[in-house]
Structure formats: structure tokens, C-alpha cells
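Colleague: Below you will find the structure I want to go over with you.
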């Protein structure tokens, strides 16, 4: 019995030694790409969740001084400003980027209210404005943005749009299966 137990122990130790000897070779190799950091004088801090598309382009929210923020894109080289606070916007929310590098985002307007917008670094397209919208819109491959919005009457819904008419997908009191859920 002692010989069988000793043989099992030797076999277990041999197997464990073989596993440990090959473990470092089996470790995955990782590489990291610096998109932006606060040592660059253009950015003082970062906030909200970044978004990445399948080409490696990252959309992110950053402050560039104590009063102003922006949404930018980058893939390890120069960054592109998508939207900046100051002229039209007083604050910018979490970005979402698609594979065409179009970014969907929420923005608080300088004149009051807020809206959902898209941009690829040039012109900004208004998707929905003058409402109370959730700050986490998402954008799909075709540029359609999905977002949550509240109505003045206190109910809310889920909508999509591309810059023209918005489509209502569900409302809290419109007879949809999600009625009553927030």
C-alpha cells in the first residue's frame, strides 16, 4: 500500500513539476497602446468610460482645463477633437464609437437642456434635442443611435435616430411589454 501511495505521490509531483515548467511559456503576451495621458498638456484628467471599435479607434472623454472638457478619438497617434465644451455645449457625456469612427454622445447645452449628437470630428449632427436624455447613448455600424429619454409628463422611453425623425422603441406607459420599468 505504501508503494502505491508513494508511486501516486511521485506521479503527482512529476505532473505538477511538468506543468509548472511549461507555465511561463503558456502565459499570454499583452501589449498596450497609449491613446492619451495627462502628461500631455492638452489633457488634465479623464472621465467616463472610453469606447473602442473593431479597428482599434478609441473614443474618450477628457478635461483639458479646470472648466472645459471634450470628447476625442485616437488610436495611438495624434488625437482628434470630436466635440468641445464652450461654444454650444457646457458638458459632454460618455462617448460611443462605431467602426466608421462616428461617435455618439450626450451633451448638456449652454442655453439649457441637453441632447444626443454624433460627429466624426467635423460637423456635429443633432439626433434629439430639447429633452431630458440619458447620458449613455450607443451607436451602431450604420450610424443609428439608441438612447433613453424622459418626457415632461414623467414617463420615459427608448428611442433611435440618425438625425431626422426619431423612432420610439418602447415607452413606460405606451402598452409596450416593458411598461412600468425604468
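Colleague: At what distance in nm do the modelled label points of residue 138 and residue 32 sit from each other, each positioned 7 Å from its Cα along Cα→Cβ?
Modeller: In this crude spin-label approximation the distance works out to 2.7 nm.
Colleague: Let me ask you something else. Based on other C-beta atoms within 10 Å, arrange 89, 32, 105 from fewest to most. Working shown, then result.
Modeller: Working: 89 24, 32 6, 105 30.
With the fewest neighbours first, 89, 32, 105 line up as 32, 89, 105.
Colleague: If you rank 94, 144 by fewest surrounding Cβ atoms within 10 Å, what's the result? It would help to have the intermediate numbers written out before the result.
Modeller: Details: 94 21, 144 17.
Lowest count first: 144, 94.
All of the numbers you see were taken from the coordinates with simple rules; none came from a lab. What you see is a predicted model; the values in this text were computed from it and never measured. Note that we place each Cβ from the backbone using ideal geometry, even for glycine, and neighbour counts take in every protein chain shown.
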